[in-house]
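Heads up, the thing below is written out as structure tokens.
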Amino acid sequence: MIEVLKLVNWMRVRNYKDLQINGLDVKELTQMKAMKLLYYMQAASLIVYNERLFSNDIVAWDYGPVVKEVNEHYHGMKSIVTNIDKDAQADYCSIEKNKKYSLVINWVVTKFNSKTAHDLMKQTHHETPWKITPRNHVIEPSLIKDYFTKNNIFKGCQNQLRYLEFSQDIPNKESMSSIYEAIDDMHDHHLKAASSYEELEKILDE
């Protein structure tokens, strides 16, 4: 798991970098938006890896899901992207190197980059985990996982993980060439072994 404040530092640096790119439709990261992104990152990790991304509880406040420790650390602050220091940069680099975690968090940020904190707050208010959890109570991870599993919110993230796993398992070009040659040889053998059209169809279906 990742320490939640280090994860927020990762978001701060990522947002700072995104804002520097001209024409990119990105909203500045505020404390409220960071809270909502943490909620969706936790949900994505529960769906994709069946484990929590960070250990801190997520609580249902009036303005949506909140991590209290983050609220306390950035108390009274709206924008949290200013003053990117060396520690924040170090946290960003450390987390980015972890391909397991970086896949999920980058996917979530990219998906919600164009939304404001208010947009995400309204979105969470329409979702079951926040709606049925009493205010100031913990939103149970099992409830989050169950809801987002049923609604396929993170199907794209799951597909991306499967693609990466598949691409890592692909043999090199030389191996693939040998495989293709073997398949061709086997195919020719089957064609010659078939004594009728019906038998050929049966062989190719196997």
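The values are calculated or read from the model by the stated rules, or taken from the named source; none is laboratory data. Computed from a prediction, not measured in an experiment: that's the story for all the values here. Cβ: placed from backbone, ideal geometry, glycine included. Neighbour counts: every protein chain shown. Accessible surface is based on the protein model in full, side chains and every heavy atom, while ligands, DNA and RNA are left aside. Shrake-Rupley method; radii C 1.70, N 1.55, O 1.52, S 1.80 Å.
Of all the numbered requirements in (1) of a type in the set (Gly, Ala, Ser); (2) open to solvent by 50 Å² or more (accessible area, probe 1.4 Å); (3) touching a residue at least 12 places away in the same chain (Cβ under 8 Å), residue 43 misses one, and that requirement is (2). Can you tell me which residue within the range 1-26, out of those that are in a helix (DSSP H, G or I) and open to solvent by 80 Å² or more (accessible area, probe 1.4 Å), is modelled with the lowest pLDDT? Ranking the qualifying residues of the range 1-26, first place goes to 20.
Name every residue in the range 67-80 that is open to solvent by 10 Å² or more (accessible area, probe 1.4 Å), out of contact with any Ser or Thr (no Cβ under 8 Å at 6 or more places or on another chain) and under 22 Å from residue 27 (Cβ atoms), in order of residue number. Once the filter is applied, which keeps residues that are open to solvent by 10 Å² or more (accessible area, probe 1.4 Å), out of contact with any Ser or Thr (no Cβ under 8 Å at 6 or more places or on another chain) and under 22 Å from residue 27 (Cβ atoms), the range 67-80 yields 71, 73, 74, 75, 76, 77. Residues in the range 42-50 include at least one that is within 18 Å of residue 1 (Cα to Cα), part of a helix (DSSP H, G or I) and of a type outside the set (A, V, I, L, M, F, W, C). Only one entry of 142, 102 meets the criterion of being farther than 24 Å from residue 30 by Cα and among the small types (Gly, Ala, Ser), and that entry is 142.
Please work out which residue is nearest to the chain's Cα centre (by Cα), limiting yourself to the range 115-159 and to residues that are of a type in the set (D, E, K, R) and part of a loop (DSSP other than H, G, I, E, B). Step by step, filter the range 115-159, then rank; the result is 115.
Reported count of residues in the range 76-98, each being in contact (Cβ under 8 Å) with a residue 40 or more places away in the chain and basic (Lys, Arg), is 1.
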